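Just passing along the structure, written as structure tokens.
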Amino acid sequence: MASEKSHTDEQTHFRTCNLCEAMCGIVIKHDGKKVLSIKGDKDDPFSKGYICPKATALQDLHEDSDRLRHPVERTANGWKEIGWAEALDKVAAGIQSVQKKHGQNAFGIYLGNPNVHNLGGMLTIKHLLTSIKTRSRFSATSIDQLPHHIVSMHLFGHMLRIPVPDVNRTKYMLIIGGNPLASNGSIMTAPNMRQKLKDIKARDGKVVVIDPRRTETADIASEHHFIRPATDVLLLLAMLNEIYLQGYADKPHAKNSRAAALVPEIARIADFAKDYSAESVAEITGIAAKEIKRLVKEFCEAESSVCYGRMGVSVQEFGLLSQYLIMLINIVTGRLDEVGGLMFPNPAVDVVNNSGPGYLGKRHSRVSNLPDFNGDYPVVAMADEMLVEGAGQLKGFMTVAGNPVLSTPNGEKLDTAFANLDFMVAIDYFVTETSRHAHIILPPVSPLERDHYDVTFNNFAVHNVAKYSKALFAKQRSAKHDWQIYLELAKRLDKKAVLATKVERLIIKVLGPKFVLNQGLKRGPYKGLNLKQLKKNPHGIDLGSLKTMLPQALKHKDKQIHLNVDFYQADLERVQEVMQDYDDKQILLIGRRHVRSNNSWLHNSYRLVKGKPRCTLMLHPETAKEYGIEDGQNVKVTSRVGSVTIVAEVTDELMPNVVSIPHGWGHGRKGVKQKIAQAHAGVSVNDLTDDTLIDQLSGNAAVNGVPVQLQAIAPEATDLETADSDVNFDMESGSAA
Ligand SMILES: Nc1nc2c(c(=O)[nH]1)N[C@H]1C(S)=C(S)[C@@H](COP(=O)(O)OP(=O)(O)OC[C@H]3O[C@@H](n4cnc5c(=O)[nH]c(N)nc54)[C@H](O)[C@@H]3O)O[C@H]1N2
Ligand SMILES: Nc1nc2c(c(=O)[nH]1)N[C@H]1C(S)=C(S)[C@@H](COP(=O)(O)OP(=O)(O)OC[C@H]3O[C@@H](n4cnc5c(=O)[nH]c(N)nc54)[C@H](O)[C@@H]3O)O[C@H]1N2
Ligand code: SF4
Ligand SMILES: [Mo]
């Protein structure tokens, strides 16, 4: 009887997982109140049944008893639940008080990564920003994809007009500093990259990975080359030079390509890298000259090919120049806007035509004089803006879906800075390393309680699709969506808004963000596509393979590609300077991702953290030997800004003199309220990364290639230091049992 009943109660819900960029279709079995299972949706035309282990964390997050269901206020006696009206009033008053006392820009805001994975958030965040009216804005972009935006803004006329690898059809994929087998792809929305890369090889193609670590992706690639961190710029310069030296830029398919014909400055590229021969960069990069030449030959001779670079090249000292060079390589070899090359997606909601093109350096940060991008200052500038006294000092702050104490450089400094603010508020699910400093935390509903359409990542999808998912569970009446929190604050802060804005806010309040989405779909490039149609197709709609989009994709008025050669050429001087006294013995720190982590969160899901601790220091056996470090031994890692003690994992996955620590750990800080994460705390690599180590051209943080020192900690010292009174310590062997 019982099983029959549960059978009839079982219902099926289809949606898109919003946790990372891959947009996998999932099937959720549930009984109306509880999730029973989460699996891949075989009928999703985009992901075809693929999911990663994180999908099940949607259930864990939904059920997590540490997840806040009500606003909380920090009091002398700990956190106290308060009602929404009181919380919102207090937040508005707190913001206004700071701004009245210290000026409009004395209140700052940081937007974290999950914002762009949130339909309502994406479509309404402007109302929060325009009502706070501060120029002190920061976001995770400047420790991430900022270089992609700047290159696209310069070349194609819009920061979001970013071409992606046509992985489904390419015959040759060169991956530099990306590990899609762990990350599931980035600035390349492409579920099941394992299969996609295998398919490239199966059609007689090739996958080549350039990475200081032999990653999961490198393991299944045709070929992997170690590269010394942050020297990619040299490899790319040499490759560009070789393309010309070997005559490939003059081949008809390259010279007469649709893209090349649109580049007035193309002749200048022939000289751009002339000072960088394969021989001259071989020693520093660690890649032999003959290998560089062969890579170029194979890349150019393949029937189709694409060069793709991600976090490893973006978030280092020459991130912007490197991404520029990657784009140049694709252009001069005739790979841009061609099948199997780098192509422009054509999303159903046209984000490019619904947003500004972006700008760089309209203003500069007060203390570190770093350029803003599209109104955001670099995250590395954030702590100084709070700590350094003077006119314009930040006295109040809001974080929205972000945890910068763990996710941005010199986290300890930011930790101190947040602790000293007059007023802080966080919009977040949890009491995190960051939100624990807030006076009030406003928690939104869980992802399963909201509608979803991926406004952001369809713009980077390797196949055009559209899919709308309704909320699985109705939210509690008293609970609020992120977008409702924004509108409520806007109402309180922006009483003098013009009528049109007030009307717009009222419409969204009543009809919800799905109304805005529907407008976007109707105005989009696919005739007849609207919300009603998407609702009829719960697995999603296939809108076809990527198509050639030039010249209409270009947003410059003259419909040309603007290379801005002078801007980038000037940065070559910096390359010369840094490379002059290059110390190839210096230990350099890089990051890494694991398929069961997601930046600094989801560590409160037991399924995702169980097993062997993952927050380890990876290092090569030779390096370990040199420093007297054994596998499993504690090591003190020190940088200019701080030190952490972490257990060593000796492995030849890494090249010598390079060490790797994953980011997003370090949940042991006092006051965090995430029990499972705290029990699997790890250390924060961003207590080592340096807020002064940046890509000066863009202001992007450089978290890859950070100079560090290593010191083995004697096992005795480790055990004595950490031995609890209840640990049985064996004086003779010097080890704890
Ligand atoms: N050393 C090093 N540092 C890095 C990186 C690296 O590779 N190495 N990677 C960088 C990158 S690429 C990124 S994107 C950043 C990410 O860093 P951040 O953007 O700061 O974000 P997360 O650490 O992911 O923290 C997200 C927070 O948002 C909350 N949250 C999740 N979903 C929602 C939601 O829907 N609404 C609200 N209001 N809150 C939500 C979570 O509880 C969590 O506290 O980290 C960067 N930091
Ligand atoms: N499981 C999981 N998935 C995620 C995330 C997560 O935290 N966990 N985060 C999401 C986010 S916000 C993003 S932005 C994406 C990032 O997506 P990816 O960029 O694919 O992610 P990473 O794994 O950081 O890959 C960067 C690679 O660059 C290498 N690398 C480091 N330094 C250098 C260098 O100097 N040169 C070269 N050539 N390589 C270098 C690293 O070894 C690593 O393999 O992943 C997203 N997906
Ligand atoms: S790959 Fe990304 S989108 Fe797909 S199931 Fe995993 S977390 Fe979700
Ligand atoms: Mo990211």
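Only one residue in VAL650, VAL635 is touching a Pro at 6+ places or on another chain (Cβ under 6 Å) and open to solvent by less than 50 Å² (accessible area, probe 1.4 Å). Which one?
VAL650
Check PRO180, PRO191, PRO163, PRO212 and return the single one that is within 16 Å of ligand 4 (Cβ to nearest atom), within 21 Å of the chain's Cα centre (by Cα) and either over 29 Å from ASN403 (Cβ atoms) or at pLDDT 95 or above (or both). Please lay out each step first, then the result.
On the way: PRO191 fails: within 16 Å of ligand 4 (Cβ to nearest atom); PRO163 fails: within 16 Å of ligand 4 (Cβ to nearest atom); PRO212 fails: within 16 Å of ligand 4 (Cβ to nearest atom).
Sole residue among the options that is within 16 Å of ligand 4 (Cβ to nearest atom), within 21 Å of the chain's Cα centre (by Cα) and either over 29 Å from ASN403 (Cβ atoms) or at pLDDT 95 or above (or both): PRO180.
Follow-up. For region 115-134, what are the residues that are away from ligand 1 (no atom under 15 Å from the Cβ) and open to solvent by 20 Å² or more (accessible area, probe 1.4 Å)?
LYS126, THR130, LYS133
Would you mind stating whether ALA712 is touching a strand residue (DSSP E or B) at 6+ places or on another chain (Cβ under 8 Å) and buried (at least 22 other Cβ atoms within 10 Å of the Cβ)? Write out each step before concluding.
Details: touching a strand residue (DSSP E or B) at 6+ places or on another chain (Cβ under 8 Å): yes; buried (at least 22 other Cβ atoms within 10 Å of the Cβ): no.
Considered against the rule, which asks whether it is touching a strand residue (DSSP E or B) at 6+ places or on another chain (Cβ under 8 Å) and buried (at least 22 other Cβ atoms within 10 Å of the Cβ), ALA712 comes out as no.
Which is among the hydroxyl-bearing types (Ser, Thr, Tyr), within 16 Å of ligand 4 (Cβ to nearest atom) and modelled with pLDDT of 95 or more, of SER660, SER643, SER600? If you could, list the steps in order and put the result at the bottom.
Numbers: SER660 fails: within 16 Å of ligand 4 (Cβ to nearest atom); SER643 fails: within 16 Å of ligand 4 (Cβ to nearest atom).
One residue alone meets the criteria, SER600.
Pick out the one residue from LYS413, LYS467, LYS496 that is away from ligand 1 (no atom under 16 Å from the Cβ) and touching an Asp or Glu at 6+ places or on another chain (Cβ under 9 Å). Step through it out loud before you land on a result.
Numbers: LYS413 fails: away from ligand 1 (no atom under 16 Å from the Cβ); LYS496 fails: touching an Asp or Glu at 6+ places or on another chain (Cβ under 9 Å).
The match here is LYS467.
Mind counting the residues in region 14-63 that are within 16 Å of ligand 1 (Cβ to nearest atom) and under 11 Å from LEU472 (Cβ atoms)?
4
Read through the list (1) more than 14 Å from ligand 2 (Cβ to nearest atom); (2) under 30 Å from SER435 (Cβ atoms), then give the number of the only condition that SER605 fails.
(1)
Next question. Residues in region 569-588: is at least one within 16 Å of ligand 3 (Cβ to nearest atom) and either over 22 Å from VAL708 (Cα atoms) or at pLDDT 95 or above (or both)?
Scanning region 569-588, I find no residue that is within 16 Å of ligand 3 (Cβ to nearest atom) and either over 22 Å from VAL708 (Cα atoms) or at pLDDT 95 or above (or both), so the answer is no.
Without any contact (Cβ under 8 Å) to a residue 40 or more places away in the chain and on the phi > 0 side of the Ramachandran plot - does that describe any residue in region 175-187?
Checked against the condition, which is being without any contact (Cβ under 8 Å) to a residue 40 or more places away in the chain and on the phi > 0 side of the Ramachandran plot, region 175-187 yields no hits at all.
Follow-up question, since we're still on this one. Considering only residues that are assigned to a loop (DSSP other than H, G, I, E, B) and of a type in the set (D, E, K, R), look in region 653-681 and name the one that is surrounded by the fewest Cβ atoms within 10 Å (Cβ to Cβ).
So in region 653-681, the residues assigned to a loop (DSSP other than H, G, I, E, B) come out as 653, 655-657, 661-672, 674, 680-681.
With of a type in the set (D, E, K, R) added as a condition, the list becomes 653, 669-670.
Numbers: GLU653: 20, ARG669: 18, LYS670: 6.
My answer is LYS670.
Which condition number in (1) over 25 Å from the mean Cα position of the chain (by Cα); (2) in contact (Cβ under 8 Å) with a residue 24 or more places away in the chain is the one that ASN598 fails?
(1)
Another question about this same structure. Are there any helices (runs of 4 or more DSSP H) wholly within region 135-220 with 3 or more residues that are open to solvent by 10 Å² or more (accessible area, probe 1.4 Å), and if so which?
Counting at least 3 such residues, we get 146-156, 193-202, 216-220.
Suppose we filter VAL151, VAL116 for residues that are in contact with a Phe, Trp or Tyr (Cβ under 9 Å, 6 or more places away or on another chain), within 12 Å of ligand 2 (Cβ to nearest atom) and not hydroxyl-bearing (Ser, Thr, Tyr); which single one remains? Write out each step before concluding.
Values: VAL151 fails: within 12 Å of ligand 2 (Cβ to nearest atom).
Matching residue, one of VAL151, VAL116: VAL116.
I need the full set of residues from region 542-569 which are within 30 Å of ARG15 (Cα to Cα), of a type in the set (S, T, N, Q) and part of a loop (DSSP other than H, G, I, E, B), in order please.
Residue satisfying the conditions is THR548 alone.
Also, I was wondering about something else. I'd like to know if region 598-618 contains one or more residues that are within 22 Å of PHE318 (Cβ to Cβ), aliphatic (A, V, I, L, M) and open to solvent by less than 30 Å² (accessible area, probe 1.4 Å).
Residues of region 598-618 within 22 Å of PHE318 (Cβ to Cβ): none.
Looking for residues that are within 22 Å of PHE318 (Cβ to Cβ), aliphatic (A, V, I, L, M) and open to solvent by less than 30 Å² (accessible area, probe 1.4 Å), one finds none in region 598-618, hence no.
Oh, and also: Looking only at region 719-734, decide whether some residue is over 30 Å from GLY375 (Cα atoms), at pLDDT below 95, in a strand (DSSP E or B) and open to solvent by 60 Å² or more (accessible area, probe 1.4 Å). Break it down into steps so the answer makes sense when it comes.
Applying the first criterion (over 30 Å from GLY375 (Cα atoms)) to region 719-734 yields 719-734.
Checking the rest, the ones that are also at pLDDT below 95 come to 719-734.
Adding the requirement that they be in a strand (DSSP E or B) leaves 729-730.
When the remaining residues are screened for being open to solvent by 60 Å² or more (accessible area, probe 1.4 Å), the result is 730.
Checking region 719-734: at least one residue is over 30 Å from GLY375 (Cα atoms), at pLDDT below 95, in a strand (DSSP E or B) and open to solvent by 60 Å² or more (accessible area, probe 1.4 Å).
May I ask you to list the residues in region 222-252 that are out of contact with any helix residue (DSSP H, G or I) (no Cβ under 7 Å at 6 or more places or on another chain), part of a loop (DSSP other than H, G, I, E, B) and open to solvent by 10 Å² or more (accessible area, probe 1.4 Å)?
So the first thing to find is which residues in region 222-252 are out of contact with any helix residue (DSSP H, G or I) (no Cβ under 7 Å at 6 or more places or on another chain), and the list is 223, 226, 229-230, 241, 245, 247, 250-252.
Going one step further and asking which of them are part of a loop (DSSP other than H, G, I, E, B), we end up with 226, 229-230, 247, 251.
Matches in region 222-252: PHE226, ALA230, GLY247, LYS251.
Given (1) touching a strand residue (DSSP E or B) at 6+ places or on another chain (Cβ under 9 Å); (2) farther than 14 Å from LEU234 by Cβ, identify the lone condition not met by VAL263.
With respect to (1) touching a strand residue (DSSP E or B) at 6+ places or on another chain (Cβ under 9 Å); (2) farther than 14 Å from LEU234 by Cβ, VAL263 is out only on (1).
Could you say which residue among VAL306, VAL339, VAL263 is within 16 Å of ligand 2 (Cβ to nearest atom) and closer than 30 Å to ASN458 by Cβ? Lay out the reasoning, then the answer.
Values: VAL339 fails: within 16 Å of ligand 2 (Cβ to nearest atom); VAL263 fails: within 16 Å of ligand 2 (Cβ to nearest atom).
Unique residue meeting the criteria: VAL306.
Still on this structure: From the list PHE373, PHE423, PHE473, exactly one residue is touching a residue at least 40 places away in the same chain (Cβ under 8 Å), within 16 Å of ligand 4 (Cβ to nearest atom) and on the phi < 0 side of the Ramachandran plot. Which is it? Break it down into steps so the answer makes sense when it comes.
On the way: PHE423 fails: within 16 Å of ligand 4 (Cβ to nearest atom); PHE473 fails: within 16 Å of ligand 4 (Cβ to nearest atom).
Matching residue, one of PHE373, PHE423, PHE473: PHE373.
Looking at VAL595, VAL578 in this structure, which one is within 16 Å of ligand 1 (Cβ to nearest atom) and surrounded by fewer than 18 Cβ atoms within 10 Å (Cβ to Cβ)?
Values: VAL578 fails: within 16 Å of ligand 1 (Cβ to nearest atom).
So the residue among VAL595, VAL578 that is within 16 Å of ligand 1 (Cβ to nearest atom) and surrounded by fewer than 18 Cβ atoms within 10 Å (Cβ to Cβ) is VAL595.
Okay, moving on. Restricting the search to region 107-139, which residues are of a type in the set (S, T, N, Q), under 17 Å from ALA426 (Cβ atoms) and either free of Cβ contacts under 8 Å to residues at least 40 places away in the same chain or touching a Pro at 6+ places or on another chain (Cβ under 9 Å) (or both)? Talk me through it step by step, then tell me what you get.
Step one: of region 107-139, the residues of a type in the set (S, T, N, Q) are 113, 115, 118, 124, 130-131, 134, 136, 139.
In the following step, the residues that additionally are under 17 Å from ALA426 (Cβ atoms) were identified as 113, 115, 118, 134, 136, 139.
Scanning region 107-139 gives ASN118, THR134.
Looking at THR416, is it under 19 Å from THR692 (Cβ atoms) and without any contact (Cβ under 8 Å) to a residue 40 or more places away in the chain? If you could, list the steps in order and put the result at the bottom.
Working: under 19 Å from THR692 (Cβ atoms): yes; without any contact (Cβ under 8 Å) to a residue 40 or more places away in the chain: yes.
Yes; evaluated as a whole, the condition is true for this residue.
Which residue pairs have Cβ atoms closer than 8 Å, lie 6 or more positions apart in sequence or on different chains, and pair a first residue in region 436-456 that is on the phi < 0 side of the Ramachandran plot with a second residue that is acidic (Asp, Glu) and more than 10 Å from ligand 1 (Cβ to nearest atom)?
Within 8 Å, the pairs are HIS437/ASP415; HIS439/GLU73; ILE440/GLU73.
Could you please give the count of residues in region 506-527 that are charged (D, E, K, R) and closer than 16 Å to GLY120 by Cβ? Show your work before the answer.
In the first step, residues of region 506-527 are kept if they are charged (D, E, K, R); the result is 509, 514, 522-523, 527.
Subsequent filtering for residues that are closer than 16 Å to GLY120 by Cβ retains 509, 514.
Looking only at that region, the number is 2.
The values are calculated or read from the model by the stated rules, or taken from the named source; none is laboratory data. This is a predicted model, so every value here is computed, not measured. Heads up, the Cβs are rebuilt from the backbone with ideal geometry, glycines too, and the neighbour counts pull from every protein chain shown. Protein only, heavy atoms only, side chains kept; ligands, DNA and RNA dropped before computing areas. Shrake-Rupley method; radii C 1.70, N 1.55, O 1.52, S 1.80 Å.
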